[in-house]
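First the structure, in the form of structure tokens, and then the observations on it.
The values are calculated or read from the model by the stated rules, or taken from the named source; none is laboratory data. Given the structure is predicted, the values throughout are model-derived calculations rather than measurements. Every residue, glycine as well, gets a Cβ built from its backbone with ideal geometry; the counts of neighbours run over all protein chains shown.
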Amino acid sequence: MSSSVANAAEAEIWIVPFFGQGHLFPCIELCKQITSRCYKSTLIIPSHPNASRPSKPPFNPEPESRPVCVVIGVMMGWTADVFKNFEVPIVGFFTSDACSAAVECAMWQARIQDVKPGEARLLLGLPKDIALFESDLKRRPHGSLPGGPQPL
């Protein structure tokens with residue numbers, strides 16, 4: 001057995017899904033895929049959506065006992081700070097379906113946050129009859145994410 005396979009068998013990847021079965025089931029499938037590739041996988045389910053953030057890491061902070069990375073559900077970004085503080089690599093996991101991902105991407109590329117009242121903004125890459133109006137959008141108070149890539 002090669003050393004890389006032996007290391008993979010000892011390595012652990014954590015998965016932190018958002019609340020609800022629509023997020024949990026894809027993460028369970030991800031755990032199965034990770035395990036089938038000779039890694040240990042641990043599904044971490046917060047006890048309650050309103051639970052306070054942990055003041056200490058949910059793992060032994062010694063480097064040799066940390067997970068090799070953590071996969072966090074796209075809506076669990078608040079958990080990233082704990083892992084960043086201990087230099088655990090983070091991967092985001094989008095659990096929605098492909099159609100939802102395509103619409104989200106098209107909205108981002110169309111700079112939908114800049115749409116004016118009464119304006120229709122076509123979502124390129126989708127059927128031509130799909131457009132959004134300003135009234136279709138729920139305004140988000142936080143705006144765009146800082147440091148993210150610029151729309152195409």
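For every residue, the table says whether it meets (1) at pLDDT 90 or above; (2) surrounded by 12 or more Cβ atoms within 10 Å (Cβ to Cβ); (3) closer than 22 Å to PHE94 by Cα.
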| site | (1), (2), (3) |
| --- | --- |
| MET1 | no, no, no |
| SER4 | no, no, no |
| GLY22 | no, yes, yes |
| PHE25 | no, yes, yes |
| SER36 | yes, no, yes |
| PRO49 | no, no, yes |
| LYS56 | no, no, no |
| GLU62 | no, no, no |
| VAL71 | yes, yes, yes |
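Of all residues in region 73-102, how many are acidic (Asp, Glu) and either crowded, with 17+ Cβ neighbours inside 10 Å or at pLDDT 80 or above (or both)?
The total comes to 2.
For region 86-132, enumerate the residues that are part of a helix (DSSP H, G or I) and touching a residue at least 40 places away in the same chain (Cβ under 8 Å).
Answer for region 86-132, where residues must be part of a helix (DSSP H, G or I) and touching a residue at least 40 places away in the same chain (Cβ under 8 Å): TRP108, GLN109.
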